[in-house]
Amino acid sequence: MNDTPDRPRNRWGVFTQPDFFLLWTGETVSGLGNSITVVALPLIAVAVLDASSTAVGLLAAVVWLPWLLVGLPVGAWVDRTRKRPLMIACDLVAGAALASIPLAAWLDALTFQHLVVVALICGTAAVCTSR
């Protein structure tokens, strides 16, 4: 059978491992942020910029465009890099891009093109951090 001694099971399991807990928490926050972005960007376009339905559809499509355009090359590159620094860098870049939206709105400089660029940046960051 098994020569290792039986250890008592911890009811919290892998959540007692600090590295796993940090990874799980970070990925949960990142996934939640990506999901909110998919919904919030078109809402901002409609509520703040009075965008048309065609523009809102374009904005929603732009979020997924990096998966088609750079998915394969980025996937090959990501497989050859260290994952943790890449995940942290992509989340920081996406966070900075998203933080530019309220800043631009506060400065009264928010445009539809700005939202499209933010959607492209966030979509590309999501491609880089996915497995």
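The values are calculated or read from the model by the stated rules, or taken from the named source; none is laboratory data. Here the structure is a predicted model, which means the values were calculated and not measured. In this analysis, Cβ positions are derived from the backbone assuming ideal geometry, glycine residues included, and neighbour counts consider all displayed protein chains. Ligands, DNA and RNA are stripped out before the accessible areas are found, and what is left, the full protein with its side chains, is counted by its heavy atoms. Shrake-Rupley method; radii C 1.70, N 1.55, O 1.52, S 1.80 Å.
Tell me, yes or no, whether segment 13-36 has at least one residue that is modelled with pLDDT of 85 or more, closer than 28 Å to LEU115 by Cβ and assigned to a loop (DSSP other than H, G, I, E, B). No, because not a single residue in segment 13-36 is modelled with pLDDT of 85 or more, closer than 28 Å to LEU115 by Cβ and assigned to a loop (DSSP other than H, G, I, E, B). Does ALA76 fit the bill of being more than 14 Å from GLY123 (Cβ to Cβ), open to solvent by less than 50 Å² (accessible area, probe 1.4 Å), small (Gly, Ala, Ser) and outside any helix (DSSP H, G or I)? No, not satisfied. Filtering segment 18-67 to residues that are in contact (Cβ under 8 Å) with a residue 40 or more places away in the chain, open to solvent by less than 50 Å² (accessible area, probe 1.4 Å) and not hydrophobic (A, V, I, L, M, F, W, C) leaves GLY26, SER30, GLY33, THR37, PRO66.
Just give me the residues in segment 76-131 being touching a Lys or Arg at 6+ places or on another chain (Cβ under 9 Å) and either among the hydroxyl-bearing types (Ser, Thr, Tyr) or under 26 Å from ALA47 (Cα atoms) (or both), in sequence order.
Taking segment 76-131 and keeping what is touching a Lys or Arg at 6+ places or on another chain (Cβ under 9 Å), we get 78, 83, 129, 131.
Across segment 76-131, the qualifying residue is only THR129.
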